[in-house]
Amino acid sequence: MRTVLRSATREVVIGGDEPFCIIGERINPTGRKTFQEQLRRGDLSRVEVDVAQQVAGGAMVLDVNMGAPLADEVELMRRAVRLVQGVTDLPLCIDSSVVEALEAGLDAYEGKALVNSVTAEEDRLEAVLPLVKRHEAAVIMLPNDETEIPEEPRRRLELVERLVDVATGRFGIGVEDIVIDPLAMPVGADTTLVNRTLETIHLVHERFGLNMTLGASNVSFGMPDRAGIGSAFIPMAMALGLTSAIMDARAADLVRSVKAADLLLDHDPWGARWIAAHRARQEREQQAPG
C-alpha cells in the first residue's frame, strides 16, 4: 500500500517498502505557553524556526496544528499553511479537531495533504470525509467511536474495518489514502497499554496492509528520558507494520533509531542512507568549533 503526499513541487510516499516517514510534530502549541501567547496575538514568527529545525532534523512531512486556546484557529491555519509552504517544499499534515480549520488549511494548501484526523464517530465522519474527498487528500483514521476508546486490539480492528468500509464505500476515498492510527497510549499510565498498541499494529497490517501512523510522544508521556523510550518503541512498531509516526524530528537519537531500523528491515538498500547520514554527521562534528 502506497500513500502518496505532495507539496507543490515534492512527493513523499508512505509505504511498507519505503523509508519510514518522519512527520514532524513541532508546529503545535500544545504544552507551549509562549507559542500559545504568540498565536493569540497572530504572531507566526516561531513557525519558521520550527520548520527549519525539523527540516534539519530529517522530517519528511510537517504536521501543522494551530489549536491555541482563545486564538482564531481558522485564520491561523490558513496563514500557517501558506507560510510553511513558502519556506519548505515538504508536504503537510493539516491537524485540527475543528472542521472549519481543516477546511481552511486544505483550501490554502498546494498539493495533496494528509488530514489529521477522523474517528469512527458518525458525525465526525460526515463532517471530515467530504473535505478529504473534495481536496483529494489522505486521512488519518482512529479506531474509536462514540462509546469507547477500545482497550482490546481486536475491537480496534473491528472499528478499522468499519472506517475502511465507510471511507471507501460511502465517500469514495481510495484505500491507499487511508492511514490508520492504532491508538498509542502512555506506558506510564499502564505498562500493558503499549503491547496492545503493538498488537493492533500487527492485526491491521495482517488484515488490511494499510499504512499506519501514531503520535510517538504519547507512548512516553509522563516518563523520564522520553527520547530513550521512543527510540525503543518505534523500531518495535516498525517491525510489525508501522510506516510513519508524528514525532520530534529534532531529537537526533530518535531519528537515528528510525534510520537504523530502516536499514535492519531492508528499507535502505545497501545501507546507502545510513552511510550518508553517518558521513554528514561526522562532517558536522569536524566543522563544529572547539
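Just so you know, all these numbers are worked out from the coordinates, no wet-lab data involved. From a predicted model like this one, the values you see are computed outputs, not experimental measurements. When we count neighbours, we look across all protein chains shown, and the Cβ atoms used for this are built from the backbone with ideal geometry, even at glycine.
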Legend entry - Under 15 Å from LYS259, Cα to Cα: aspartates and glutamates that are on another chain or at least 8 residues apart: ASP17, GLU18, ASP248, ASP268
Inset, instruction - Find the percent of Cα-Cα distances in the chain that exceed 34 Å, and round it to a whole number. - result: 16
Legend entry - Helical contribution to [θ] at 222 nm, DSSP H n ≥ 4, -39,500 (n - 2.57), averaged over the chain, rounded to 500: -14500 deg cm²/dmol
Inset, instruction - Quick one: go through segment 29-51 and flag any residue whose amide nitrogen is under 12 Å from the point 7 Å out along the Cα-to-Cβ line of GLU75. - result: 40-43
Legend entry - Ranked packing of 96-108, 37-49, most packed first, by mean Cβ within 10 Å: 96-108, 37-49
Inset, instruction - Return LEU193, LEU264, LEU157, LEU5 ranked ascending by Cβ neighbour count within 10 Å, so the fewest neighbours appear first. - result: LEU264, LEU193, LEU157, LEU5
Legend entry - Within straight-line cross-link reach of LYS133, lysines at Cα separation under 27 Å, skipping those fewer than 8 residues along the same chain: LYS112
Inset, instruction - For every other residue with a beta carbon closer than 12 angstrom to the beta carbon of VAL12, add +1 if it is Lys or Arg and -1 if Asp or Glu, then tell me the sum. - result: +1
Legend entry - Unit charges on C-beta of K, R, D, E only; dipole of the chain, Debye: 880
Legend entry - Additional length obtainable on full extension of the chain from ALA52 to GLN287, 0.36 nm per residue less Cα span: 82.6 nm
Legend entry - Charge-dipole axis of segment 2-281 as Lys and Arg at +1 and Asp and Glu at -1 on Cβ define it, positive-most pick from ALA227, TRP270, ALA59: TRP270
Inset, instruction - May I ask for the net charge around GLY209, where only other residues with Cβ less than 12 Å from the Cβ of GLY209 are counted and Lys, Arg are +1 while Asp, Glu are -1? - result: -1
Legend entry - R0 of 41 Å, Cβ-Cβ distance ARG155-ALA280: FRET efficiency to nearest 0.05: 0.40
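Please report, in debye to the nearest 20, how large the charge dipole of segment 216-290 is about its Cα centre when each Lys and Arg carries +1 at its beta carbon and each Asp and Glu carries -1 there.
140
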Inset, instruction - With a cut-off of 13 Å, note down the residues of segment 229-262 whose backbone N falls inside the zone around a label point 7 Å from the Cα of ARG2 toward its beta carbon. - result: none
